[in-house]
Amino acid sequence: ITVNNIPPGSVMGTIMSEANREKFQIPTEVLLQTIPVRRIAVGDDRGKIRVLDQATGSTVTPPWQAHREQWQVGLIVAIPGTDRFVSTGFDGAVGIWDVRGKRHGELLGHTNAVKGCAVHVERGLIATASFDHTVRLWSLHPPFACLAVLEGHDALVFDEAETRLHAQKAILAWCLGA
């Protein structure tokens, strides 16, 4: 797989799979998260995720409907040390998946697009930031309970880097007992 033409700050990028000469034009925040066993999860603007082999670009797991149809996948974040990842969506849902496409959990509670996500494996936490003006902290382990809802955004946050930063700060504050 080669990744082409993604200047800093761009919102769209292209993946070229040499194996089947396919091109994927997708949002860069959804583009690549390397997962163990040399797999890459890719989300699209129709709520589907597929897993590709990092070396060859061939499809390992056919596309599956991870989020509601016609709702873009917002972000894919690998869970370090596992074959799992977190996907967020413009439908407000958050899912925990493995590279075979099996859902291990669904985190429901946001009422608008989820564009930020951070994972802290050592503390067993997932933080998600949404256009609903909240950051939610979740348990990384079943039953994936919502541990806290942090409010306070005065406006929608459209910058992907900033929403990820909100999620990371929420984990830090929670860990420090703030």
Of the residues in region 100-114, those that are at pLDDT below 90 and either over 26 Å from Arg50 (Cβ atoms) or open to solvent by 10 Å² or more (accessible area, probe 1.4 Å) (or both) come to Arg100
By residue number, the members of region 119-135 that are part of a strand (DSSP E or B) and either more than 15 Å from the chain's Cα centre (by Cα) or buried (at least 23 other Cβ atoms within 10 Å of the Cβ) (or both) are Val119, Ile126, Ala127, Thr128, Ala129, Ser130, Thr134, Val135
Residue set Ile35, Ile49; condition at pLDDT below 80, buried (at least 17 other Cβ atoms within 10 Å of the Cβ) and within 16 Å of the chain's Cα centre (by Cα); output residue Ile35
Exactly one of Asp83, Asp91 is of a type in the set (D, E, K, R) and over 20 Å from Pro142 (Cβ atoms), and that one is Asp91
The strands (runs of 3 or more DSSP E) lying entirely within region 36-77 that contain at least 2 residues which are basic (Lys, Arg) are 48-53
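The values are calculated or read from the model by the stated rules, or taken from the named source; none is laboratory data. A quick note: this is a predicted structure, and the numbers were derived from the prediction, not measured. Every residue, glycine among them, receives a Cβ derived from its backbone with ideal geometry; neighbour counts consider all protein chains shown. The accessibility values were calculated without ligands, DNA or RNA, using every heavy atom of the protein model including side chains. Shrake-Rupley method; radii C 1.70, N 1.55, O 1.52, S 1.80 Å.
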